[in-house]
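Following: one structure in structure tokens, then a few remarks.
The values are calculated or read from the model by the stated rules, or taken from the named source; none is laboratory data. None of these values were measured; they are calculated from a predicted model. Neighbour counts are summed over all protein chains in view; Cβ atoms, including those assigned to glycine, are modelled from backbone coordinates with ideal geometry. Side chains are part of the model used for accessible areas, which takes the heavy atoms of the whole protein and leaves out ligands, DNA and RNA. Shrake-Rupley method; radii C 1.70, N 1.55, O 1.52, S 1.80 Å.
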Amino acid sequence: MTAAAVPAASPASTGEQPGVRLARSRRNAELSLLLLAMVLVAAYAATVEANVLDTVTPDFWMPAAALGLVFLGLHLVIRWLAPFADPALLPAVALLNGIGVGFLRRYDLAKAAPADRETLAIFAGTGGRQLAWTLGAVILAAGLLALMRDHRSLSRYAYTLGLAGIVLVMIPAVLPARFSEINNAKLWIRIGGFSIQPGEFAKLALLAFFAYYLVRKREVLSLASRRVLGIDFPRGRDLGPVLVVWMISLLVLVFEKDLGTSLLYFGMFVVTLYIATERVSWLLIGLTLFFGGAYLAYVLGSTVGGPFLNFYDRAQIWLDPFAEPYDRGYQLVQGLLTLGTGGLFGAGPGGGQPTLLPEVQTDFIFAGIGEEIGLFGLSALLVVYLLIVERGLRAALAVRDSFGKLLAGGLAFTLALQVFVIVGGISKLIPLTGQTTPFLSAGGSSLMANWLLIAILLRVSDGARRPVTGGGGPAARPAGAPPEQLHGAPTEVIRP
Amino acid sequence: MNAPLRRVGVVVMILFGLLFANLNWIQAYKADEYRNSDYNGRVQVAEYERKRGNIEAGGTALATSKETGGKLRFQRTYPGGEKYAHVLGYKPVNLADTGIEKIENDFLAGTSDQLIANRVKDMFTGDETGGGNVLLTLSKRAQETAYKQLTDNQVGATKGAAIAIDPRTGAVQALVSMPSFDPNPLASHDTTVAETAYNKLDKDPAGPLKNRALSETLPPGSTFKIVVAAAALESGITKTTQIPAGSSYTPPTSGQPIRNAAPSICPEPQVSLIEAVTESCNTGFAQLGVKLGADKIKEKARQFGFEQEDLTVGQLGEGGFGVAASRTGDMAAPGGATDPAALAQSSIGQRDVRMTPLEGALIAGSVANHGKQMRPYLVKQLLAPDRTTSYYTAKDRELRQPISDPVANDLRDMMVSVVENGTGRKAAIDGYTVGGKTGTAQSGPGTPDHGWFIGFAIDKNGNAVSAVCVELEQAGSGGSAEAARIAGRIMQAAIADSGGR
């Protein structure tokens, strides 16, 4: 590990470390919260059956119990490998994942003929598949916790990860449409009946690379600047990486026809850049570039058409979905009607009609759930997401090294942004783009990538809350110790 | 790096705040609008949960709902198929509803305010009583005769309409528009089937979805002579007054002579008014019109119901089918000056004169009913779901009185003469006094003429029992005689039905 990647000794980052003195592991709190989450999931399943079947079958608890066992396994892994990890993360994610599985099972029930509903196999259909994916994703997350005993070891593979990220982003764009296109978006790699969405994994790899790169360059990016109109602007040559990422996002936007992923990558990069440099000018440049690019794509779409037409269409639908309610605007209109039908309290789990909403198991799952649990229920789900994000940011605040701060902060923000893009999209706050709703949408790629994200946050939070003087893991090295290779470190600039 | 991290935390709070605010907007403020939106399939599912009431005529259900066992619980069916299509309309799953199904939708669906007591009762008893029933004025026999005679007409017309009303009440006895359509596929729960059926009908150049009896206007030809004759009678001319006729008449400003339909019709220089009507003398009425002037003819037409744009046929005065306004046109030269040529042509129902079949029946009806025109209606009664309570029973209303009783008497004599001695002989019915007026209207250069007949039947006691208008679009030669024959059959059926009841 190069010393540059671990500027743990920098005065700026040792200034405040909330929660550092908290030496309690709180694993029992995690366990009880997890049990509470599983009770909620079981109650949800029971309500669904009561509403759809008019009776509660004796097997209603089985998916919740299966999920509970999977999460209990992860809890034990955390006890063993990351005993000081944040205790709220796992139960919160488990609740979302459980509601997702429950809703998908509810969707299977709605699709089945009324006569077959009561005998519908409990582990079949989309719900059963999602349960299997959950098992896979949790095993993957546990594996990552086992392999990566210290988040800083990730920086060793930063360039490899960066390259892998770019390749993963590019593959669907380069592949012929029949291997990569689903629903008019080139986001997939399809082999046989199996498809994965490499972009979901690419965001993790790219973020690890950003964090590493920016920690190395933060001094020069934040200090070498010109002041124009009271704002510090970076030098032209330092803009290079930003422009490269901007180009990548635009390529994604235009050739993979996916504004959401593009916005996700770009937002992720600009925010990590801002965290690293503490310069507002980067935010302004980033926002200008993104909105400028989006506006340009809109104008080009209306005049030139071609690859920009898709974006132009989406913007048009967003501006007035009711203009073509049975044609282009159908999905969004039905999403809005579904949410509106839910109203304040919803029809109750199992009381809605999810079959009327296209893509209810993927993009529109939030609307489908919203019909049944209403504004109050959706607000609760948003709060759970917010809790996960804020816990991630808390880990970033508390961790002692810059790489960890950037990594956790960037990942937490990426999760928030993804929720914003898809929930904002289906509720007509922003143009709708195909994104998965983290932990809720059916699909393995999304679930695995987001569980890996949680595993990294768990690892960073473990590093952050672990007592400084404790022995054992690499993270417990004395934080104040000077880097081993002092001669290789860049000059520290003392800032006012 | 902690300060920007905290600010990122604030940004996340703002983003989630926006999501939360937007969800409030959709799920609280706009919730009702979205929940009841026409595009919301759930509205229909809820609508199909309750059994929709019947539409009936003369004790027969013409539109009824059957349980399906599917997601939409009740399927709407129309046992009468094409025969009643234009009156009943249809209630489709995804398309717009039409006809009585649309006009009385609230009552049929059971959501009407009138039925609130039933819904409250259901809440306590746990019953599902469904929607209310609509009873129509239609005579089953007259309607089926009209449909059969019109579609099997002997001149090969493919388009046309027939409407019969009771002159004393305004109750519609029959209403048929040809070509018709089968409403059953349109009400299919398979929306693809419904949409395919609808698109096919919508694109059909013959326009089967049009209600020609109420919403299409055509030049009325000689049937308009009744209006001119009424104006003449009111300005001092009697039915025996000799009026100028001749085999040909060229109005002062036009090189185009007006001729009669055949050389045998009124070749003499003068004929009596009653003869002019009986033989349908064009030259006589052209000159009569020029003598009376445009203002008198237009005013008389207006009093008969021309130019009325807001007439509806459904419940009395409670909305319903919109009726197209019949028009007399300008009858003037482009500058606005009096144009005898236009006036002469208009007086025989050509030029810009346009009339709906309903207006034709109303004219005949007011002649038969001592000069009183009754407001036409289709809905006789609204019955509660359990059929014990009646929420509405039609009470006849006079629409207007276009002519006085003596003028009506004279017109009646002249129209009876048409059926007894003139062009409308085929409309005669044994045991009844039948009067009427035929009309042959040029439809345009190179296309066959439209055939018209307006008429009425009066029983032995002097009661007007039926008034009718039959129109055969582009029927060609013999069209008006065939229209007269069909009109007679329809009135006969209407009389038989009311007698049998």
What number goes with the only condition from (1) open to solvent by less than 50 Å² (accessible area, probe 1.4 Å); (2) within 14 Å of chain B (Cβ to nearest Cβ); (3) without any contact (Cβ under 8 Å) to a residue 24 or more places away in the chain that A:Gly301 does not pass? (2)
By residue number, the members of the stretch A:357-406 that are part of a helix (DSSP H, G or I) and at positive phi are A:Gly374
The lone condition A:Gly306 fails out of (1) within 22 Å of A:Val360 (Cα to Cα); (2) more than 14 Å from chain B (Cβ to nearest Cβ); (3) open to solvent by 50 Å² or more (accessible area, probe 1.4 Å) is (1)
Residue by residue through the stretch A:180-230, note down the ones that are assigned to a strand (DSSP E or B), at pLDDT 75 or above and either in contact with a helix residue (DSSP H, G or I) (Cβ under 7 Å, 6 or more places away or on another chain) or under 27 Å from A:Ala158 (Cβ atoms) (or both). A:Ile189, A:Arg190, A:Ile196
Taking the criterion of being under 25 Å from B:Arg212 (Cα atoms) and of a type in the set (S, T, N, Q), would at least one residue in the stretch B:483-492 satisfy it? yes
Look at the stretch A:340-374 and say how many of its residues are within 7 Å of chain B (Cβ to nearest Cβ) and open to solvent by 10 Å² or more (accessible area, probe 1.4 Å). 4
How many residues does the stretch B:371-412 hold that are aliphatic (A, V, I, L, M), under 25 Å from B:Leu214 (Cβ atoms) and in contact with a helix residue (DSSP H, G or I) (Cβ under 6 Å, 6 or more places away or on another chain)? 4
Scan the stretch B:96-136 residue by residue and report those that are under 14 Å from B:Arg76 (Cβ atoms) and of a type in the set (Lys, Arg). B:Lys102
From the set of residues in the stretch B:334-389 that are touching a Phe, Trp or Tyr at 6+ places or on another chain (Cβ under 8 Å) and farther than 25 Å from B:Leu411 by Cβ, which is surrounded by the most Cβ atoms within 10 Å (Cβ to Cβ)? B:Leu378
For the stretch B:98-110, does any single residue satisfy the condition of being at the interface with chain A (Cβ under 10 Å from one of its Cβ atoms), more than 24 Å from B:Ala197 (Cα to Cα) and under 33 Å from the mean Cα position of the chain (by Cα)? no
Where in the stretch B:270-313 are there helices (runs of 4 or more DSSP H), lying fully within it, with 3 or more residues that are under 23 Å from B:Asp339 (Cα atoms) and open to solvent by 20 Å² or more (accessible area, probe 1.4 Å)? B:282-292, B:294-304
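Taking the residues in the stretch B:45-90 that are in a loop (DSSP other than H, G, I, E, B) and within 14 Å of another protein chain (Cβ to nearest Cβ) as candidates, determine which candidate is most open to solvent (accessible area, probe 1.4 Å).
B:Lys71
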Out of (1) open to solvent by 20 Å² or more (accessible area, probe 1.4 Å); (2) touching a helix residue (DSSP H, G or I) at 6+ places or on another chain (Cβ under 6 Å); (3) of a type in the set (A, V, I, L, M, F, W, C), the one A:Leu36 does not meet is (2)
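Condition (residue is of a type outside the set (Asp, Glu), in a loop (DSSP other than H, G, I, E, B), without any contact (Cβ under 8 Å) to a residue 12 or more places away in the chain and open to solvent by less than 60 Å² (accessible area, probe 1.4 Å)) applied to the stretch A:321-339: is it met by at least one residue?
Yes, because at least one residue in the stretch A:321-339 is of a type outside the set (Asp, Glu), in a loop (DSSP other than H, G, I, E, B), without any contact (Cβ under 8 Å) to a residue 12 or more places away in the chain and open to solvent by less than 60 Å² (accessible area, probe 1.4 Å).
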Scanning for something polar (S, T, N, Q) and closer than 30 Å to A:Gly404 by Cβ, does the stretch B:2-25 turn up at least one residue? yes
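Go through the stretch A:425-456 and give me each residue that's within 17 Å of A:Glu371 (Cα to Cα), within 14 Å of chain B (Cβ to nearest Cβ) and not hydroxyl-bearing (Ser, Thr, Tyr).
A:Gly425, A:Ile426, A:Lys428
Answer yes or no: is there a residue in the stretch A:188-207 that is of a type in the set (D, E, K, R) and surrounded by fewer than 14 Cβ atoms within 10 Å (Cβ to Cβ).
No, the stretch A:188-207 has no match at all.
Rundown of residues vs (1) farther than 14 Å from B:Arg35 by Cα; (2) at pLDDT 90 or above; (3) touching a Lys or Arg at 6+ places or on another chain (Cβ under 7 Å), yes/no style:
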position	(1), (2), (3)
A:Thr338	no, yes, no
A:Leu344	no, yes, no
A:Ala347	no, no, no
A:Pro358	yes, no, no
A:Glu371	no, yes, no
Within the stretch B:195-243, track down each residue that is closer than 29 Å to B:Ile265 by Cβ and touching a Pro at 6+ places or on another chain (Cβ under 6 Å). none
In this structure, does B:Ala63 turn out to be closer than 30 Å to B:Ala384 by Cα and aliphatic (A, V, I, L, M)? yes
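Yes/no matrix, rows are residues, columns are (1) more than 7 Å from chain B (Cβ to nearest Cβ); (2) surrounded by fewer than 24 Cβ atoms within 10 Å (Cβ to Cβ); (3) farther than 22 Å from A:Leu259 by Cα:
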{"position": "A:Gly377", "(1), (2), (3)": "yes, yes, yes"}
{"position": "A:Val384", "(1), (2), (3)": "yes, yes, yes"}
{"position": "A:Ala396", "(1), (2), (3)": "no, no, yes"}
{"position": "A:Arg400", "(1), (2), (3)": "yes, yes, yes"}
{"position": "A:Lys405", "(1), (2), (3)": "no, no, yes"}
{"position": "A:Gly410", "(1), (2), (3)": "yes, no, no"}
{"position": "A:Thr414", "(1), (2), (3)": "yes, no, no"}
{"position": "A:Gln418", "(1), (2), (3)": "yes, no, no"}
{"position": "A:Val423", "(1), (2), (3)": "no, no, no"}
Looking at the stretch A:311-320, can you tell me whether even one residue there is within 11 Å of chain B (Cβ to nearest Cβ), in contact (Cβ under 8 Å) with a residue 12 or more places away in the chain and touching a helix residue (DSSP H, G or I) at 6+ places or on another chain (Cβ under 8 Å)? no
Counting only residues that are modelled with pLDDT of 90 or more, crowded, with 24+ Cβ neighbours inside 10 Å and within 24 Å of the chain's Cα centre (by Cα), give me the helices (runs of 4 or more DSSP H) lying completely in the stretch B:181-250 with at least 2 of them. B:212-215, B:225-234
For the stretch B:2-44, name all the residues that are of a type in the set (Ser, Thr, Tyr), in a helix (DSSP H, G or I) and either facing chain A (nearest Cβ under 7 Å) or surrounded by 14 or more Cβ atoms within 10 Å (Cβ to Cβ) (or both). B:Tyr34
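Tell me yes or no: at least one residue of the stretch A:248-255 is within 16 Å of A:Phe413 (Cα to Cα) and either more than 18 Å from the chain's Cα centre (by Cα) or at pLDDT below 80 (or both).
Looking for residues that are within 16 Å of A:Phe413 (Cα to Cα) and either more than 18 Å from the chain's Cα centre (by Cα) or at pLDDT below 80 (or both), one finds none in the stretch A:248-255, hence no.
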For the condition farther than 30 Å from A:Phe84 by Cβ and among the aliphatic types (A, V, I, L, M), what is the one hit in A:Leu135, A:Leu161, A:Leu187? A:Leu187
So how many residues does the stretch B:264-290 have that are of a type outside the set (Ser, Thr, Tyr) and without any contact (Cβ under 8 Å) to a residue 12 or more places away in the chain? 1
For the stretch A:12-33, how many residues are surrounded by 14 or more Cβ atoms within 10 Å (Cβ to Cβ) and modelled with pLDDT of 85 or more? 5
